Amino acid sequence: MQRKTVVLSLATLFVVSAVAFGGNGDKTSVKGMIATRGGETLTVKSGDSTTTVVLTDDTKTKDDRGLFGLEKQQMSNVVLIPGLKVDVDGTTDDQGRVVAKTITVDGDDLEAAEMIQAGLHPTAEQVEANVQKLEAHGGQLDSHGRQLASHSENIGSNQQNIASNKQQIADNIKNIEEHTSRFNALTDFDLKSQATVKFKVGSSKIAAEDEEQLKQLAQTATGLNGYIVEVMGYADSTGHPAMNTKLSEDRAKAVVTYLMQQGNVPVRHIVAPGAMGEYGAAAPNETKAGRAENRRVEVKVLVNKGLAGGGGR
């Protein structure tokens, strides 16, 4: 199936290697793949070992290469989903967990994970090609038609680095698919509540009736133990695919912002695996009614089965 451009959002690979210095509060680092999410924690896996990583309000997530390969980029913790490769810097707590200060993700892995999250099975070459396309689209959207000469130079200079990453990307895809498929199948999660927010053409504004259902969903979520809220944005097929991807991203961001500001859901409890654009249509795009169904954000409240039971956050 041909992939529509998929941005943001969400899942990648993790191979954990930890360097710890021994006591509570000591600096430590962990490299690996996110195996699962549970409320304010991640489980990062490396080989046969696992490490619990704790997210706080001060945890920062970034991509040193930049999502489009153009610059360093600060990212939201909502991209931290099963299957994503991470490099965690933080301190140990009295339970032997790593309290994350900075989490670094890789743009290539994020791109591959988003494609897999969309139900596709990319090759390393497809990942590389899509990274380059996203760079070009990002330049077009940011400059609004200005010359892309400097961006083109950056894209060209990245080609050698991208080529050298081929084998690593290919090796990662298998692990990403395994972890993401478990997440998508809700193998480790119970679905506690869900809502679908609809949008007008070209709009990311949440209607009053949808605000009410989001408030109710937030109330349900915050009364649960170990919950996460998954947010996925979509668009219909009207217009350019890159613009539709951006629109689906804006819709997902609007819902995330509302849940945080009006629903009092901490961002560390929210995951947004991808802005799906035109991909994942709920109805045919050939009809007006079908397109209306596709302009949406799907929201799910999930609870890790190992943490279910009891109230609170």
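The values are calculated or read from the model by the stated rules, or taken from the named source; none is laboratory data. The structure presented is a predicted model; accordingly, all values stated were derived computationally and were not measured. Don't worry about glycine lacking a Cβ; one is built from the backbone with ideal geometry, like all the others, and counts go over all protein chains shown. Note: areas computed on protein heavy atoms with side chains; ligands, DNA, RNA excluded. Shrake-Rupley method; radii C 1.70, N 1.55, O 1.52, S 1.80 Å.
Any residue in the range 247-267 that is free of Cβ contacts under 8 Å to residues at least 12 places away in the same chain sitting within a Cβ distance under 6 Å of a residue that is assigned to a helix (DSSP H, G or I) and open to solvent by 10 Å² or more (accessible area, probe 1.4 Å)? List the pairs, counting only those 6 or more apart or interchain.
Close Cβ pairs (under 6 Å, with a partner that is assigned to a helix (DSSP H, G or I) and open to solvent by 10 Å² or more (accessible area, probe 1.4 Å)) amount to Met260/Val267.
If you go through the range 41-58, how many residues are closer than 24 Å to Val256 by Cβ and either open to solvent by 10 Å² or more (accessible area, probe 1.4 Å) or at pLDDT below 90 (or both)?
Count: 7.
Every residue in the range 79-98 that is under 12 Å from Leu55 (Cα atoms) and open to solvent by 60 Å² or more (accessible area, probe 1.4 Å), please.
Asp89, Arg97
Taking strands (runs of 3 or more DSSP E) that do not extend beyond the range 23-65, which have at least 1 residues that are without any contact (Cβ under 8 Å) to a residue 12 or more places away in the chain?
41-46
Has the range 256-269 got any residue that is touching a Ser or Thr at 6+ places or on another chain (Cβ under 8 Å), among the polar types (S, T, N, Q) and on the phi > 0 side of the Ramachandran plot?
yes
Which pairs turn up if I take residues in the range 281-307 that are over 30 Å from Met260 (Cα atoms) and look for partners that are part of a helix (DSSP H, G or I) with beta carbon separation below 8 Å, at least 6 apart in sequence or on another chain?
Correct list of pairs: Pro284/Gly290; Asn285/Arg291; Asn285/Asn294.
So which of Lys205, Lys246 ends up being open to solvent by 60 Å² or more (accessible area, probe 1.4 Å) and not in a helix (DSSP H, G or I)?
Result: Lys205 is the single residue among Lys205, Lys246 that is open to solvent by 60 Å² or more (accessible area, probe 1.4 Å) and not in a helix (DSSP H, G or I).
Just wondering, is there one or more residues in the range 264-279 that are surrounded by 21 or more Cβ atoms within 10 Å (Cβ to Cβ) and part of a helix (DSSP H, G or I)?
yes
Could you please find all residues in the range 208-227 being open to solvent by 20 Å² or more (accessible area, probe 1.4 Å) and in contact (Cβ under 8 Å) with a residue 60 or more places away in the chain?
Thr220, Thr222, Gly223, Leu224, Asn225
For the subset of the range 182-195 comprising residues that are open to solvent by less than 60 Å² (accessible area, probe 1.4 Å) and at negative phi, which member is modelled with the lowest pLDDT?
Phe183
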